[in-house]
Every structure is written in C-alpha cells, then in structure tokens.
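Working notes, structure below.
The values are calculated or read from the model by the stated rules, or taken from the named source; none is laboratory data. Being a predicted model, the structure only gives us computed values, none of them experimental. Note: ideal-geometry Cβ built from the backbone for every residue, glycine included; neighbour counts use all protein chains shown. Keep in mind that these areas ignore ligands, DNA and RNA; they rest on the heavy atoms of the full protein, side chains included. Shrake-Rupley method; radii C 1.70, N 1.55, O 1.52, S 1.80 Å.
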Amino acid sequence: MLPSRHLRSAARQRSHRPPPAAGDASSSSSSGRLDPEVIRSNKAITAHMRAGRVADAERLFAAMPRRSTSTYNAMLAGYAANGRLPLAASLFRAIPRPDTFSYNTLLHALAVSSSLADARGLFDEMPVRDSVTYNVMISSHANHGLVSLARHYFDLAPEKDAVSWNGMLAAYVRNGRVEEARGLFNSRTEWDVISWNTLMSGYVQWGKMSEARELFDRMPGRDVVSWNIMVSGYARRGDMVEARRLFDAAPVRDVFTWTAVVSGYAQNGMLEEARRVFDAMPERNAVSWNAMVAAYIQRRMMDEAKELFNMMPCRNVASWNTMLTGYAQAGMLEEAKAVFDTMPQKDAVSWAAMLAAYSQGGCSEETLQLFIEMGRCGEWVNRSAFACVLSTCADIAALECGMQLHGRLIRAGYGVGCFVGNALLAMYFKCGNMEDARNAFEEMEERDVVSWNTMIAGYARHGFGKEALEIFDMMRTTSTKPDDITLVGVLAACSHSGLVEKGISYFYSMHHDFGVTAKPEHYTCMIDLLGRAGRLAEAHDLMKDMPFEPDSTMWGALLGASRIHRNPELGRSAAEKIFELEPENAGMYVLLSNIYASSGKWRDARKMRVMMEERGVKKVPGFSWIEVQNKVHTFSACDCVHPEKEKIYAFLEDLDMRMKKAGYVSATDMVLHDVEEEEKEHMLKYHSEKLAVAYGILNIPPGRPIRVIKNLRVCGDCHNAFKYISAIEGRLILLRDSNRFHHFRGGYRAITSAYYRGAVGALVVYDVTRHVTFENVERWLKELRDHTDANIVIMLVGNKADLRHLRAVSVEDAKGFAERESTFFMETSALESMNVESAFTEVLTQIYRVVSKKALDIGDDPAAPPRGQTINVGGKDDVSAVKNRGERHRVAIACSASPCHG
C-alpha cells in the first residue's frame, strides 16, 4: 500500500513543477483543438489497459510524441484498474496539469486498496472537488465501517446528488445504524425504489420485520428486489409460512426469488423442502447452486455437498469459497487446503476463509505463512483476514508481528473501526501489552459493546481490577449498554483483584441496574471470587442455591480454591463431581493430586495417577513459548531439542546459585512425586516456563520485557522463582498461563495476586533485599490500598541489620516513616535467617491483635501497639489458635523481593 509520504512528496513536486514540456499536447495546442493522433493513442491505451496488457500500454505511452492530460488519465485509470497503485502514484506526480478526473481516479484507487489515510491526505490537497470526489470518500469510509467519517464527508459536500444520498443511507444500513438511516430517510421525500429497498433491507438484516413490512406496504412502487427482500427476510427469521405466501403472491419472480426460498428452507433445517424447490426452479444460476450446496454443508453433509458441487454447470469464486468454508467449519483442513490450491481464481474472501481455517484449527505458523503469501500475491487484505491473523498473533503471543500488523492497519484505515479494532485490542492484551491496548482503545473513533468488553476482560485477566472497573464506569457514561458478557468481565476483575465486596455487590445488583440475569458464567465468577478469598463455605452454599445444576467449571473453581486453601476434603468432593461430568478432564486429576501431594498424602496422590492410567486419561504436556526477533521458540520441561540448550542450562545453573544466595528456596511440595528433596529440586529447575524466560533474558535486549506464554497453569515454584529472577536481572517478566497473566517487575509481584484476595489483614514485608527504598514501600502501600476493599492493616517489617538497605536510615527514621504512613515498624530476628515461615509465625500473633477488632468485632485490644512503635515479637503459643479462626480471617503476606510466597 502507498505510504502517506509519497503523496506529500507528490504535492511538493507539483508545487515546484516547471512549465510543461513542448511535447505535451496540453501546452502545444494554441488553438484548443485536440490532436486526432493523440485521441487515437488514448483510445488504444484504454483498450490495452482494459485487456490487462499493461506493458503494451506503457510502450505506446512512451512512444507518443505528444500527450494530453487525458493521455495521463488513461494510463492512471489503467494502472488503478490493474492493481498497480505504486505506478499510478508515480505517474500522478508526473502529470503536468492534473485535473479533477486525475485526482478522483487516484482517490478511488487509494480507497479501493484500503489506503484510506492516504485518500484523506489526497482529498485535502485537491484544488477542486466535485460530487464524484465526495461520493468516493463517503462510500470508501462506509465500506470500512467508518460511518462517522462517511457522514463527515457527506456533510462537507456542497451539492449532493442521488448517489450521495443513497451512499449515506447504505452506509448507515450496512453498519447496523438503522435508526439513523431512518432519520436520514425521513429528512427528504424524493427517494427512488432503490432507496426504499435499501432501508427495508436494513430492517430485515437487523431482525426488525414489522418495520420492514410497514415500509413494504407503504412503497409507492415495488420491483422484484422488494419482494425478494421480504421473502428472504421472513425466511431468515424462520417464518417459512409467510415467506412462502409472499413467494406465491409475487407478481414476478426471478432466480433470486426462488433462491431465497431454497435458502430459507435450508437455513431452517428443512433440507428436503429446499431440494424440492431447487429441483422445480425454471432456471438456476451459480447463486442457486451455491445455496443448495450451502444447505448440505449446514447439515455437515460434506459428501453430498461435494457431489452437488461437482455437478455444477457454472461455478464462480463464491462456489469455491462455499466449499472451502464448509470444509474449514468441519475441521477438515486437508480438504480445505486442497480446494484452496485448486481454485482457478481466488478473491479476498478465499484467502480470509483459508486463514480462518488455519487460525481456528490452531495452525499458527501456517496462518502467518499464508498471510505473507497473500501479501506477495498482491491480494487485497480485508477486515476478516486482518482479524484472523491478529487472533493468531494473540494466541502465540507474537507481539512484534502484531505490532507490524497494527502499522498496516493504520495505513489501510482499519485501525479506528470496531471490527478489526477489537481484534487489535485483544491481541495487545493477550500479548501482555496493556499500554498499547489502552492507546489503541483511545484512538478508536467508534466503539461497540465488544470494544468495552475486551478492555474490561483484558484488564481483569492481568489482575488490574481497578483499571477494569474504571473502564466499566466510563462505559456506563456512554450510550452502550452493558450486557451479560460485560458483567462476566466485571466479576472476573473483582475475583482476580481481591475486590470481594465489590464483586458481591455487582452480582446481586446487576439484574436491577443493568437488566442482566445471572447465568452460569456469572455464578462461576462468584464461586471463584469467594473461593479464592477463602470463603469456601459461602461458595459451596451459593452452588447449592443456584437455579440450575453446577457444571464442571464451577466445581473446578471450587477445587482450585480448595488447593489454594489446602482443604483436601472439599477438594475431593469437588473432584468427584467433576469426574462424573467430565471423566476425561486430565487437569482435574492433576489438581487433586496436587492437593494430596502438598498435604503429604502420597498414597492418595498415587491413587489418582493410577486412576488416570486405568481410565486412559492422558495429562496434557506443558509447553511454553516466547517470541524473539519475529520467531517463536517453544520449550518443554527438561527440553533437549532447542539448538541453544547448553547455553540455556548453563545460564539457569548460574542463576539458580544467585537466587539461592538471595533467599530462594525451591517449593518442593509442588512436585507430585514421593522422591528425595534433591531430585525434587532438579525436577523444578527446568520447567518449560523457566527455560523460556532464561532464553528471553539471554536474547532480548535489556530494557525490553520478557513475554512468555504457557498452555497450562504456572506452578507455584516458578511463580516464586520469577520474583527473584526479575529482581536479580532487573527485567520485567510477563507470564501468560491458561488462566491469567502474571507480572513480575524487579522482584515486585503485583499486589493483585490471588494470594491477597479477601484478606482482612495484610503484612507488607520489607526485609533482606538490596532493592528496598522508602519509595518502594510507598508504592506498595498505595497499590495495596488501591486494589483491595478488605479491612487492611499494613505493617512495615524489618530488623536492625537490614535498616542499612533503607538508604542507611536509622531506626528512628523507619519509625517516623511508619507513623506518617499509618503503618507499624516491627523488628523480628527470624528475618535474619530469611526463613519466611518463621517470620510469619512470629508476627502472626501481633497481626491478629491488630485486626481482631475489625475482623471479629470484639473491641479494642489493649495489647495492640500504637502506630510507629517498634515491637519485638517471638512468642508462638497463640499461632495455632489464630490460624483456626477460620478462612474468613486470613492474613495476606506481600513481599518486596521474594522471601515469601505471594
């Protein structure tokens, strides 16, 4: 496509262009009469171009001793018609005196090639514009879903002809803005039958049959298209009785009338009736045959569809596309590719259909390769093709490729529309680039409910509940009404960010406030919300009170919560339900094994593995991948295939030593095998996500994020290890697993982690790290307060030996800071050994004393210390009693670098 700078260059060259050469007819003719020889040559050039003989036209043009502006225009139109846009732009710069036809020809070529930004630039440069100019701008922007810009050019037009009015009417209709189309229709009375049919088809398209019928009955005159619109409308709605009645009443029928009935019967599952009407048709065209083939495809009867396809006397590109789409939808990729390869002619729909087949079939590499081939063939890339490739980039986290596509979208003028714009938002979020997602969202000139939902769900998956709810609040100020998917995103945001009370409030008010009735997806979010907060009993009670039976996803959420809060009994009960509903779900077997193994119940863990073998359930192998220099690298645990494996393993060995010096301890309880500790450590060291992160650190320049994607859930040990790795290497690590995103920056794990959900007390641990400053502490306090609605008590914990890391401040300085921030400074000797469990044990009693009034409402505790006081703690007698207070009174730990799990 033509970059805007070429058009700016063209404008500069025109402004400094010398007078025309003597050979140009436009300058040599003093009498104003046209040269007959020039006229004959112009006609010959036009004939060559229409026949696709571009080289012959170029030779004739080069040999002409004299040329007129019409000569240049003939070449310009020929280049445009034959898809030679760069040549057209180059020739345009050489025209001595371009006229309005010259401008309009290039303007139309730019619009057809989707170079809308360049088209707008050329429009602004035009010295004179006519109705054709404005109509091109209206139709081109409307075709790309940019209705507001289309209306802008419509309003700019000083004189509007019938094409202008019908173009704007069609723009509204095609983009679903039927009420605005009706307003435009009512603003004047002089409409032809085409206009009536356009508005009527808009009502039909959006299911408003009563309004369409009212127009149909009011029409001063009807043509066969009017009858066809109504017949097809009733057929699509499933009212075949009324469709057949209108078909029988139609004064004239054409092949499309018959085809509408055939399609109607087919779409409503009445295949036999469709075939009877098809066999009775007096004449058939390619559309009729395509409709019948599509009827068989809809019923997944691909053999019958193929047989009918082979019988077709006349096939067009739509016929081939129908078969291609049918095979793709049936998951028959080999057959789809065979059809694609044998097509005598392909259009943008063919390429988009094959791209969709690959993309939906999980063939990411083939999708990208086909897209590259599409560009090499010079095929126009439509919105569907862009959306498919963006979806593929999102699936494999290929951010660099996605950003290149974004650039092409901008040049094509797609980036500000909803259809492709929404795919762009999803790509950035799935690649972990929230900043560019937000920028793309702000740049969208039009947003639909999908746009808002994508933003809310994107922030939710990253654990940024505050930002998700901010977008939701923005949405509520617009005319876009939240739907059930919106509320799923809102509840997920509350769940991922620990905003328990907000989530509960939204759940119980969404029907009254937004007219959304709770569906299974909403209940699943609530079960997840309560379960992750440790309120397992409430989650279980909610499942019992639902108006429908719990599904496997709900039981899975409860099982996951049971693992987090180590409740093997409830986990076993949830797993048994899942095994009944989905006996082949390997993930649930593994999750229950994890619960048993982490509780030391190795016999039960072994039983689960035996049960998997007996039932033939295969565990999905874990893979992680990372994009480096436009190439995706895939890793498995203990990978021995990657060409740089020796370098990766050597780096991990060195990194492991540095991590242990910083206090890292392998979470060997995550290993689901009853083996020695040393072997467990070895098994944890080379998980696929660690290999991918190590490869990223080795190959991605400093300052750029490390983005890794994993097909399964990240294990707790890797989660903890990445805190150390990000601190030691000073890198931002973004990890996307099958459930959500995890952000690690300089040892700092986002406060939105699931570990903090539902806490009524929080201990912010700042200790044994060289990266602690008061600025870091302030950041943590702000983030914790911003991302939770629980009753939080925040404490600054350290010891005298580590105060030097707080910029060599004194105990008095630390106490003063604690007083200003309404926190507590506490000393504990346990931190000197970097033993997190001991540290937690020592301070737990003091935390309990502080939060007891809020959590248990028992009044002030005289033992609770005043703010700013230094406390020495060491007693452990009350720890078990505190822990047994129940899941609702948990205390969350947040850490600066990694000497705890969070």
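If N is the number of residues in the stretch 54-183, what value comes out of its Cα radius of gyration divided by 2.2 N^0.38 Å?
Against the empirical 2.2 N^0.38 Å value, I get 1.17 for the stretch 54-183.
May I ask you to give the percent of accessible area on the stretch 447-548 that is carbon plus sulfur, with a probe radius of 1.4 Å?
Using a 1.4 Å probe with all protein chains present, the stretch 447-548 comes out at 55 percent carbon and sulfur.
So between E125 and D217, what do we pick up on full extension, going 0.36 nm a residue minus the alpha carbon distance?
Here the answer is 28.4 nm.
Label-point separation (nm) for M332 and R300, each offset 7 Å from Cα along Cα-to-Cβ?
With each label point 7 Å from Cα toward Cβ, the separation is 1.3 nm.
7 Å from Cα along Cα→Cβ at both C377 and N739: what's the point-to-point distance in nm?
4.4
Does the stretch 532-612 come out rounded, prolate or oblate by the C-alpha gyration tensor, with a ≥ b ≥ c the root eigenvalues, rounded set by a/c under 1.5 and, if not, prolate when a/b is larger than b/c and oblate if not?
oblate
Distance between Cα centroids, the stretch 206-258 to the stretch 147-182: provide it in whole Å.
Their Cα centres are 25 Å away from one another.
Solvent-accessible area per residue for the stretch 623-744 at a 1.4 Å probe radius, Å²?
43
I'd like the FRET efficiency for N310 and K647, computed as 1/(1 + (r/R0)^6) with the beta carbon distance as r and R0 of 45 Å, rounded to 0.05.
0.20
List residues of the stretch 52-91, by number, whose backbone nitrogen lies under 12 Å from a label position 7 Å along Cα→C-beta of F101.
68-78
Let a ≥ b ≥ c be the square roots of the eigenvalues of the Cα gyration tensor of the stretch 39-128; is it rounded (a/c under 1.5), or, if not, prolate (a/b larger than b/c) or oblate?
oblate
On the protein heavy atoms, probe 1.4 angstrom, tell me the percent of accessible surface of the stretch 39-128 carried by carbon and sulfur.
The value for the stretch 39-128 is 55 percent carbon and sulfur by accessible area.
What number does the stretch 623-744 give for Rg over Rh if you use C-alpha atoms and the Kirkwood radius?
Taking Rh as the inverse mean 1/r over Cα pairs, Rg/Rh reads 0.93.
What is the Cα coordinate range of the stretch 466-579 on the first, second and third principal axes, sorted by size from largest, in whole angstrom?
Over the stretch 466-579, Cα extents along the principal axes are 47, 27, 19 Å.
Within the accessible area of the stretch 129-213, what % is carbon and sulfur when the probe is 1.4 Å and the other protein chains stay in place?
Answer for the stretch 129-213 is 51 percent, counting heavy atoms of protein chains only.
Using the alpha-carbon centroid of each, what span in Å lies between the stretch 358-435 and the stretch 438-456?
17
Please work out whether the stretch 485-550 counts as rounded, prolate or oblate from its C-alpha gyration tensor, where a ≥ b ≥ c are the square roots of the eigenvalues and a/c under 1.5 means rounded, while otherwise a/b larger than b/c means prolate and anything else oblate?
Oblate is the answer for the stretch 485-550, as a/c is 1.5 or above yet b/c matches or exceeds a/b.
With a point put 7 Å past each Cα toward its Cβ, work out how far M657 is from K481 in nm, to one decimal.
A separation of 6.6 nm, rounded to one decimal place.
Could you sort the peptides 225-231, 477-483 by per-residue average Cβ neighbour count (10 Å cutoff), highest mean leading?
By packing density, highest mean first, the sequence is 225-231, 477-483.
Mind checking the per residue accessible area of the stretch 222-314 for me, 1.4 Å probe, whole number of Å²?
Result: 48 Å² of accessible area for each residue.
Please list, by residue number, everything in the stretch 600-634 whose backbone N is under 17 Å from a paramagnetic label point 7 Å out along Cα→Cβ of E400.
Counting only backbone N, you get 625-634.
Figure the gain on full extension for R704 and V224 (residue separation times 0.36 nm, minus the Cα-Cα span) and round it to one decimal in nm.
166.6 nm
For E179 and A162 in one chain, what is 0.36 nm times their gap in residues minus the Cα-Cα distance, to one decimal in nm?
4.1 nm is the gain from fully extending E179 to A162.
What are the residues whose amide H is under 5 Å from the amide H of V628, where those residues sit 5 or more places off or on another chain and H is modelled from the backbone?
Distant-sequence amide H within range of V628: H633.
Give me the accessible area per residue for the stretch 125-196, probe 1.4 Å, as a whole number in Å².
Value for the stretch 125-196: 45 Å² per residue.
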